[in-house]
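Notes follow once the structure below has been shown.
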Amino acid sequence: EAGVAQSPRYKIIEKRQSVAFWCNPISGHATLYWYQQILGQGPKLLIQFQNNGVVDDSQLPKDRFSAERLKGVDSTLKIQPAKLEDSAVYLCASSLGNSRETQYFGPGTRLLVL
Amino acid sequence: KNQVEQSPQSLIILEGKNCTLQCNYTVSPFSNLRWYKQDTGRGPVSLTIMTFSENTKSNGRYTATLDADTKQSSLHITASQLSDSASYICVVSDILTGGGNKLTFGTGTQLKVEL
């Protein structure tokens, strides 16, 4: 079974630039999550999708972050404009049903904002 | 506010030795507790999951325990190997109104196994 795919794996941008990350969840998984993991900390949930609907985006900085999952499969997370404090690893995860079930994580995208 | 605290923050042990990692939580109402292993540069991978009624769960050389009364969990690693070097994250799930769950992540224990 293929795992969760993410791209790019690494990205370096300057502050105020825009960046987008892509995630392809495990086939058949209805729920998709985006997490931000700052160095030395545990992951923080940014947004959770159930199919193509948003379940929880309470911790998403909506003034600069946006995410979509148009067809209920792939998802993109965008930051516009980026700030220095956005430097982190952005993890995508998916689960078969809701968050009661095991989440499978992708390798993450490491973002460095200069 | 739901919180998950892990200790120690970091740990260095010799190959072949055992170790125990701790997790204390204040998440309520409790649904389940998971331990994840995160290798450097990789996403977390689930090791164990325990519900309220379970007090121990094993996965090979990893054994997790749960005391729901004291809201504590531990992860015991037996006969450590170099490949056990990783961050171990405790994740506690609560029960939201409407049937959903919200996960609270600990900051992890960074384990290094040396020769």
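The table that follows gives values for the structure above.
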{"read-out": "Dipole of chain A, positive end: most advanced residue of A:Val113, A:Asn51, A:Ala5 [Cβ charges, Cα centre]", "value": "A:Val113"}
{"read-out": "Nonlocal amide H pairs with B:Thr107, under 5 Å, H built at 1.01 Å", "value": "A:Gly42, B:Gln6"}
{"read-out": "Contact order normalised by residue count of the stretch A:13-78, Cα under 8 Å, 6+ apart, percent", "value": "33"}
{"read-out": "Assigned charges on the beta-carbon of Lys, Arg, Asp, Glu; the stretch A:4-69 dipole about Cα centre (debye)", "value": "240"}
{"read-out": "Amide H contacts under 5 Å for A:Val55, placed H, 5+ residues apart", "value": "A:Gln48, A:Phe49, A:Gln50"}
{"read-out": "Percent RCO, i.e. relative contact order, over chain B, from Cα pairs under 8 Å lying at least 6 residues apart", "value": "37"}
{"read-out": "Karplus-derived HN-Hα couplings along the stretch A:57-74 (A = 6.51, B = -1.76, C = 1.60, θ = phi - 60°), whole Hz, x at Gly and Pro", "value": "9, 5, 9, 8, x, 5, 6, 9, 9, 9, 8, 8, 9, 4, 10, x, 10, 5"}
{"read-out": "Links that overshoot a 21 Å alpha carbon limit, given the list B:Lys1/B:Lys71; A:Lys44/B:Lys37; B:Lys37/B:Lys57; A:Lys44/B:Lys102; A:Lys83/B:Lys112; A:Lys44/B:Lys17", "value": "A:Lys83/B:Lys112; A:Lys44/B:Lys17"}
{"read-out": "Net length gained if the chain between A:Asp74 and A:Gln17 were fully extended (0.36 nm per residue, minus Cα distance)", "value": "18.2 nm"}
{"read-out": "Cα→Cβ-extended label distance, 7 Å offset, between B:Glu15 and B:Thr40, nm", "value": "1.6"}
{"read-out": "Considering only chain A, percent of DSSP beta bridges that pair antiparallel, nearest 5", "value": "90"}
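No value in this document is a laboratory result; all are computed from the given coordinates. Note that this is a predicted model, so its numbers are computed, not measured. Counting neighbours? That spans all protein chains shown, and the Cβs are built from the backbone with ideal geometry, glycine included.
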